[in-house]
1. Among 201, 270, 2, which residue has its Cα positioned farthest towards the positive end of the charge dipole of the chain, with +1 placed on the Cβ of Lys and Arg, -1 on the Cβ of Asp and Glu, and the dipole taken about the Cα centre?
2. Roughly how many Å is it from the Cα centre of the range 224-291 to that of the range 40-90, as a whole number?
3. Sticking with the crude label model, points 7 Å out along Cα→Cβ, report the distance from residue 422 to residue 99 in nm, one decimal please.
4. What distance in nm separates the simple spin-label points at residue 286 and residue 386, each placed 7 Å from Cα in the Cβ direction?
5. Return, in residue-number order, each cysteine of the chain whose C-beta is not under 4.7 Å from any other cysteine's C-beta.
6. How many percent of Cα pairs in the range 148-272 exceed 22 Å?
7. Given a 1.4 angstrom probe, what's the average accessible area per residue across the chain, in square angstrom?
8. If I model a spin label at residue 275 and residue 316 as a point 7 Å from the Cα along the Cα→Cβ vector, what separation in nanometres do I get?
Amino acid sequence: MLEKVKAFVEKWHMIEEGDKVITGVSGGADSICLLFVLLELQTRIPFEIIVVHVNHGLRGEQADADEAYVKQICREHHLPCICYQEDIDAIAKARRQSTEEAGREIRRECFLRTMEVYQGTRIALAHHKNDNAETFLMNLARGTGLRGLGGIRPVAGKMIRPLLCLERREIEQYLKERGIAYCTDVTNGGDDYTRNRIRNHVIPYMEEKVNLRVVSHMSQAAERLREIQEYLDGQVEFYFKRCVKQAEMGYILSGEVFQTVPDVLKPFLLRKVLVSISGREKDIEAVHLEALRSLFNKQVGKRVDLPYKMEGQRIYDGICVLEKTEYPLKEQGFERKISFADGKVQKMNWDNWEIECRLLENEEAKSNHLQKSNTKRFDYDIIAREVCIRTRQPGDYITIHPNGGTQKLKTFFINEKIPSKQRDDILLVADGNHILWIVGYRANPVYQVKADTKQILEIRIDKGERYGRDN
C-alpha cells in the first residue's frame, strides 16, 4: 500500500524536498492513516509535518477525547500539533449555513491560518476513493455539469490528497496490520447527511449487488472526466480571450466572434463570464445560460435578469453582461484615524463592523499567540504616516510581493473578480495611500512583523458575530 501511495504522490508531484506539510488530523481512521503514511514518506523525502486538529465542539467529551488522542500521537512522534476549538453550531447560524458546510469552511480556514503562520507549502487532506465515489454520486443525483462529475482532485492549489489512490478498506487494513488505533465518530453512522446515506446504504448495496469494484470504477471515471474538463477549460480560455473584453461594470461579448465558438463550448464560455463578474458559481444554472445566449437573436436593447444582481443586455456588437445599479448602497466614505494618545487600545464601529486596535511591545506580542484570521499585526516602527481604517480612495495601492512589486487597488479588485458595487464596502488599513491590509483579502508583506520590531500594531476587525478570510 505504501508503494502505491508513494507512486501516487510522485505522479502528482505532491511533496518535494523541503516542503512544510500542514496535515489535517481529526483522529479518525482516514486522517490517522494519512499521518502515518506521511511519517513513512519522511524517511524517503526530507519534509516537515505540522499537524492541525479542529475540535468542532459538537460531540462533547468524545470530541475532547479525539483531540487528546491526536495530541498524544504528535507527542510520541515529536510533531507540532496546532489545535483549534470552534463553536460550529454558532458559526453555522451566524453564516446561515448547515453545520456540515460551516464545519468544512472552518477547517479550511484553520488550515490556511496555520499555513500562513508556519509558512507551510502544502495542506494534506485524507480524502480517499470512497469519498470520491460519494461525491460523484451525490453530484450526479443533485444534477451537475461535467466539472461536478470530476469528483475530488488529487491536487488543488496547495491542497494535496495522498490517499486518493486508496479505498477505505485498504486504509482500515493498513491500520489493523500495524496495530494503530484511531477514533470513531459515531455521527458517521447516522443518516442525517446526504453523504452519510450514500456511504452507509447506496455504495454498500452497489458493491454487493452490482460490482465489488464499483468504488474504484467510479474513481477512474471521475479522473477521465476531469481530464476532459481540463481540456475544455483550455479551449474556453482561448475563446474567452478572443470573444470577451472588459467593460466598466462587466464584460462585452462580441456577437461576430461568438458565432465562431463551437456549440459545445458556448455554455462554458457564458458561465465563465458570469462567474468572472459575480465571483460565485453556485446557482448559475443552464436556464440562465440559455437566456443569455438567446439575446444574440434579439433586437438591441433587450435584457435578461441573471443571478447575483447581474443582467444581460443586447447591444449593437453583441451582448453586455453587467451588474445592476438599482440596489441601495451602504454608507460610504468611512475614515477613522488610529491614535494612541489616550492609551494603547482604540475601539471604533462602522455599520456592522467592530474594530479594535492595540499597540503592543514585541515581547508582549510573543506571549499572546495570534491565531484568529480576523486579526492582523503590523510593524508599527516603519509606518510613515498616521494609520487610517477607511474605505477606498483614489491613488490607493498595495505591495503584493516581498521584493517590492506593487499593484493599484483597482487592479487588485479586478484581478480578484470583486464586483464593482462591493468595492466601496471593503475596509482598508492604510498608511497614506499605501494599503497595509485589504480586510478579508490580503495583507501587505512590507509591514510584516520582524524579529527586531519594537512596537506592533494589532488590529482586530469583526463583522457580526464572526468574520474573516485567511489572507
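The values are calculated or read from the model by the stated rules, or taken from the named source; none is laboratory data. Predicted model, so just to flag it, every value in this text is computed and none were measured. We place every Cβ from the backbone using ideal geometry, glycine too, and count neighbours over all the protein chains shown. For the accessible areas, the whole protein counts, side chains as well, though only heavy atoms, and no ligand, DNA or RNA atoms are used. Shrake-Rupley method; radii C 1.70, N 1.55, O 1.52, S 1.80 Å.
1. Result: 270, furthest along the dipole toward the positive end.
2. 42
3. 2.9
4. The two pseudo-label positions are separated by 6.0 nm.
5. Flagged as lacking a Cys partner: 33, 83, 110, 165, 183, 243, 320, 357, 388.
6. Here the long-distance tail beyond 22 Å is 59 percent of all Cα pairs in the range 148-272.
7. 52
8. 3.4
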